[in-house]
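Participant: This is the structure, below, for whatever I ask next.
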Amino acid sequence: MRDRQTHTSSGPSRTAEVEAARLLLLRLGVNPEELLADVPRAEPPPTFAEYVPKVAIAVRDGTRRAYGPYWDRIVETWGERRLDEPTAIDVKYLAEHVRSHAVVRRNSRGGRSAAEHLISALRCVYNHAAADGWVREADNPALRVSKPRRLPSTRHGLSDSRIRELNQVAARTGNDPVLDCLLLRLHTETACRRGGALALRPQDLDEEQCLILLREKGDTQRWQPVSPTLMRCLRDHVERGPGEPSAQLLRYRDGQPITTRRYDYLWSRMRKHLSWVRTQQVSTHWLRHTTLTWVERHFGYAVARAYAGHNDNRSAGVTATYIRADIVEVATALAVLTGETHPLVVTA
């Protein structure tokens, strides 16, 4: 017992030892929390050329498409460097280099998006590296570099006359006017994203209730009301496919599924025939802005939020929990927008 008491500090002596340890850590520039963090592996971390391809395989397709070009640039620049070598100033230098060498387009905004995506792509790599134990989360240099501040979007809702012009060009030009008019109506009615339209399948059509199942970014799914006219057009379009319920719905006349290239071709024609489309760089996402702006003005924020498929309450605050609109309210807004009755809307 006496021996144990000799090796155990208590009272004032224990306090002095703790204070001495705290002073030592202070002089070393180490926070006590860092001692509790995960300790990296003993062996040296891999190089970017070795590790980035593994991250690319592990992430979702959408993330890979967004960050792929920036990961290529990172490997090209830092391929032989280990993950623990770059500093915050290195990240900032690379981001500014990417920003200054970004491709200049008519809607270019000084390379801000390129720099933002470069930093996000690096953060993604370091998040995986921290999870694998190659670096500490506190050692992530990309977290110590701020992303460029986003400028307000230049998109805005289009007038009815502008929407009519788009549909007229789609109907009178191109090698598949039926497909292009269907795309425009689908996006105008539902305010869906391109990914949601491309993911649409025959089995996602509920003809009786005039609903379609939209599967969009973030693995979100929602039943979206559509007009009886659009439902008939979608059902007729199914005949272009192989007849499999799980096959892609939107297809060319030869039966091949469309890709994002169809949208590029469509808006290239629009820019050729309509000067305002060319000047403002109008795209499919403008249709989403147009519809959601109209819904918000006529039916309020809650219905517009549900119409858009925005389910994340973090950006909208706690109040969004209590003002959530249901599918009947969305269908009511659609019925007024299209001037067609909808099965979910009970008229008095």
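Taken together, the values in this text are just the output of simple stated rules run on the coordinates, not laboratory data. Keep in mind that what you see is a predicted model, and the values were worked out from it rather than measured. No Cβ is skipped: glycine too gets one built from the backbone with ideal geometry, and neighbour counts run over all protein chains shown.
Participant: Two decimals is fine: what is log10 I(q)/I(0) at q = 0.17, 0.18, 0.25 Å⁻¹ for the stretch 48-144, from a Debye sum with one equal scatterer on every Cα and no solvent?
Facilitator: The computed values of log10 I(q)/I(0) come out as -0.71, -0.80, -1.45.
Participant: Determine, from the Cβ-Cβ distance of LEU26 and THR87 and an R0 of 25 Å, the FRET efficiency 1/(1 + (r/R0)^6), rounded to the nearest 0.05.
Facilitator: 0.60
Participant: With springs only between Cα atoms under 10 Å, which of GLU296, GLU80, GLU43 fluctuates most in a Gaussian network model of the chain?
Facilitator: Result: GLU43 has the largest fluctuation of those listed.
Participant: Which residue, SER246, THR220, HIS156, has the largest displacement toward the positive end of the dipole of the chain when charges sit on each Cβ (Lys, Arg +1; Asp, Glu -1)?
Facilitator: HIS156
Participant: Give, rounded to the nearest 20 debye, the magnitude of the charge dipole that the chain has about its Cα centre when Lys and Arg contribute +1 at Cβ and Asp and Glu contribute -1 at Cβ.
Facilitator: Here the size comes out at about 1260 debye.
Participant: Stretched out fully, how many nm does the piece from ALA171 to HIS101 gain, at 0.36 nm a residue minus the Cα gap?
Facilitator: Details: separation 70, 0.36 × 70 = 25.20 nm, distance 3.90 nm.
That pair, ALA171 and HIS101, stretches by 21.3 nm at full extension.
Participant: Quick one: work out Rg over Rh on the C-alpha atoms of the stretch 157-290, Rh as Kirkwood radius. Numbers along the way, then the final one.
Facilitator: Numbers: Rg = 14.4 Å, Rh = 15.2 Å.
Rg/Rh for the stretch 157-290 comes to 0.95.
Participant: Roughly how tilted is helix 284-299, in degrees to the nearest 10 and between 0 and 90, from the longest Cα axis of the chain?
Facilitator: Value to nearest ten degrees: 80.
Participant: With N denoting the number of residues in the chain, provide Rg(C-alpha) divided by 2.2 N^0.38 Å, to two decimal places.
Facilitator: Working: Rg = 27.5 Å, N = 348, 2.2 N^0.38 = 20.3 Å.
Here the Cα radius of gyration is 1.35 times the empirical estimate.
Participant: Could you tell me how many degrees, from 0 to 90 and to the nearest 10, lie between the Cα long axis of helix 48-58 and the main elongation axis, the longest principal axis, of the Cα atoms of the chain?
Facilitator: That helix lies at roughly 50 degrees to the long axis.
Participant: Let me ask another. Roughly how big is the stretch 130-197's charge dipole about its Cα centre, with Cβ charges of +1 (Lys, Arg) and -1 (Asp, Glu), in debye to the nearest 20?
Facilitator: Details: 12 positive and 8 negative charges, 68 e Å.
Approximately 320 debye in magnitude.
Participant: Same structure again: FRET efficiency for THR260 and THR293, Cβ-Cβ distance as r, R0 = 22 Å, nearest 0.05?
Facilitator: Numbers: r = 24 Å, r/R0 = 1.11.
E(calc), rounded to 0.05, equals 0.35.
Participant: If Lys and Arg each add +1 and Asp and Glu each add -1, what is the summed charge of the other residues whose beta carbon sits under 13 Å from the beta carbon of LEU158? Before the final figure, lay out each step's value.
Facilitator: Numbers: positive: ARG155, ARG162, ARG164, ARG288; negative: ASP160, GLU165.
Net charge around LEU158: +2.
Participant: Using Cα positions and a limit of under 23 Å, work out the lysines in reach of LYS272, with same-chain residues fewer than 8 apart set aside.
Facilitator: Within reach: none.
Participant: Just want the answer: with Cβ charges of +1 for Lys and Arg and -1 for Asp and Glu, which residue in SER113, PRO343, PRO53 is farthest toward the dipole's positive end in the chain?
Facilitator: It is SER113, whose Cα lies furthest towards the positive end.
Participant: Rounded to the nearest 500, what is the 222 nm mean residue ellipticity of the chain from helices alone, with -39500 (n - 2.57) per DSSP H run of 4+ residues and division by all residues? Don't jump to the answer; show the numbers that get you there.
Facilitator: Values: 16 runs with 189 residues, N = 348.
So the helix-based figure for the chain works out to -17000 deg cm²/dmol.
Participant: Would you list, by chain and number, the lysines whose Cα falls below 24 Å from the Cα of LYS147, excluding same-chain residues fewer than 8 positions away?
Facilitator: Cα-Cα hits under 24 Å: LYS92, LYS217.
Participant: Would you mind working out the magnitude of the charge dipole of the stretch 48-144 relative to its Cα centre, with +1 at each Lys and Arg C-beta and -1 at each Asp and Glu C-beta, to the nearest 20 Debye? Let's see the in-between values first.
Facilitator: Details: 16 positive and 13 negative charges, 125 e Å.
Roughly 600 debye, rounded to the nearest 20.
Participant: Give me the net charge for the shell around MET231: Cβ to Cβ below 14 angstrom, other residues only, Lys and Arg +1, Asp and Glu -1. Intermediate values should be presented prior to the final figure.
Facilitator: Numbers: positive: ARG185, ARG232, ARG235; negative: GLU189, ASP204, ASP206, GLU207, GLU208, ASP236, GLU340.
Taking every other residue near MET231 into account, the sum is -4.
Participant: Let me ask another. Between helix 260-273 and the chain, what is the angle of the helix's C-alpha long axis to the longest principal axis, kept within 0 to 90° and rounded to the nearest 10?
Facilitator: 60
Participant: What does the extension gain come out to for THR154 and SER268, with contour length at 0.36 nm per residue minus their alpha carbon separation? Don't jump to the answer; show the numbers that get you there.
Facilitator: Numbers: separation 114, 0.36 × 114 = 41.04 nm, distance 1.94 nm.
Full extension from THR154 to SER268 adds 39.1 nm.
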